[in-house]
1. Just tell me which lysines come within less than 16 Å, Cα to Cα, of LYS148; anything on the same chain fewer than 8 places away is out.
2. In sequence order, what are the phi-derived ³J(HN,Hα) couplings for segment 164-181 according to the Karplus relation 6.51 cos²θ - 1.76 cosθ + 1.60 with θ = phi - 60°, rounded to whole Hz, with x for glycine and proline?
3. With only alpha-carbon pairs counted, each pair once and no self-pairs, how large is the Kirkwood hydrodynamic radius of the chain in angstroms?
4. Would you mind calculating the gained length between GLU184 and SER347 on full extension (0.36 nm times residue separation, minus the Cα-Cα distance), in nm to one decimal?
5. So what is the calculated 222 nm ellipticity per residue for the chain, using -39500 (n - 2.57) for each DSSP H run with n of 4 or more, over all residues, to the nearest 500 deg cm²/dmol?
6. Go through LYS275/LYS341; LYS207/LYS350; LYS41/LYS297; LYS110/LYS287 and tell me which ones have a Cα-Cα distance over 24 Å in this structure.
7. In terms of the ratio Rg/(2.2 N^0.38 Å) built on C-alpha atoms, what value belongs to segment 265-352?
8. From Cα pairs below 8 angstrom and at least 6 apart in sequence, can you work out the relative contact order of segment 7-182, rounded to a whole percent?
Amino acid sequence: MKFRFNKEVSKILDNLVFPRIYFNLEEDMKNEDETLKKAIKEEYNDFSEKMHSKLEPYKDEINQFYQKDIYSHYDFANIIIHAYPLYEYTNIDTYFNDLLKEEPNLLKDKIIKALITMEDSDDTSSKVFDENNATQFINQLKIDSANKWNLFMMIQNPHQHLVKFISLLNKIESLFENSYLNYEQKCDEVGSDLVKRLSRNTNETFKKITYDAISYEFNGGEFCDFYVSFVMPYTLRFIESDICRMVWGLEMEYSFKKIHELNEDKLAQRVKIFKALGDKTRYETLKLIAKGVSSIKNIADELDVSSATISYHINEFLTSGILYMSRDKNQKFGYIVDYKKLTEVFSDFKEDLNFK
């Protein structure tokens, strides 16, 4: 498989999510995962703190379009991208101009459908997508009332909501552009490097780059388009699409390496794994994954919690080594329990406590 780094789309994606950096400081303060903290460079924490201060004057507008929870799927930017994929565009202005030209009722229909199907991998052909259905859908979401209100405002007048969103991005354009200039060269270097490495022995190389944390079968296509993010440098996301698409955080390889090194300390890893298992919802999540339930939405529905909560718990399992990500040859993506790792941990635990 040949990999293609798309610099233009990378910039558009970063531009759309840039304002949510405002919430990073709050996320860092409540994050209790010591492994994750050690896997993040101090310079990014400094960058987040600096941006938080500069974005403070726009906090009310940011709150209208972005959820505070980093694991939430319902940022307006995500909904827009789901409704109107942007992967063929070369700049954000052209993308927005095309959206603004869309007939208002068609824009509304697409926004509502995107909202309802954001996390739904099932067949949606028999579903009805109108304002009443969207209202019911929003009401059952396990998010706070302020975020629900913003989604209600969005479905009532998507065109107006879009205009306000574009206005916000225009106000902070210089902040984004200056930040992008600081990271542009490094993004180019990482993109070019990954093109060379992943285009040879793709699956094995990817496992090596992620230090065996992810087993992903890159089959079924000639090309894979990927995008490098400096705004979210510690994220890895596979995009459901007609072709292979992947968002790679600028510091992901460093993060995988750091987590691997930390987990090499067997005692520290045992403590982290037992800590990860010490939450009832998290434990129930793991049981469902072990039974073959891979959909975050389905797990959330089963346990009556938000999808963001399940995403957070799964991230804990991934960083501790309890789970790894995988996609098989049938293109089915999911999370797999690392039984080999757990067997080692329990064996070492027995040895620690002198089990007879």
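Laboratory data are not the source of any read-out in this text; all were calculated from the coordinates shown. Being a predicted model, the structure only gives us computed values, none of them experimental. We place every Cβ from the backbone using ideal geometry, glycine too, and count neighbours over all the protein chains shown.
1. LYS68
2. 5, 5, 4, 4, 4, 5, 5, 5, 9, 4, 5, 4, 5, 4, 5, 5, 4, 4
3. Values: mean 1/r = 0.0460 Å⁻¹.
In the chain this quantity evaluates to 21.7 Å.
4. On the way: separation 163, 0.36 × 163 = 58.68 nm, distance 4.71 nm.
Net length gain for the segment: 54.0 nm.
5. Values: 19 runs with 216 residues, N = 356.
My calculation for the chain gives -18500 deg cm²/dmol from helical runs alone.
6. Numbers: LYS275/LYS341 15 Å; LYS207/LYS350 30 Å; LYS41/LYS297 31 Å; LYS110/LYS287 36 Å.
Pairs exceeding the cut-off: LYS207/LYS350; LYS41/LYS297; LYS110/LYS287.
7. Numbers: Rg = 13.4 Å, N = 88, 2.2 N^0.38 = 12.1 Å.
That works out to 1.11 for segment 265-352.
8. On the way: 126 pairs, mean separation 46.8, N = 176.
Normalised by residue count, the contact order of segment 7-182 is 27 percent.
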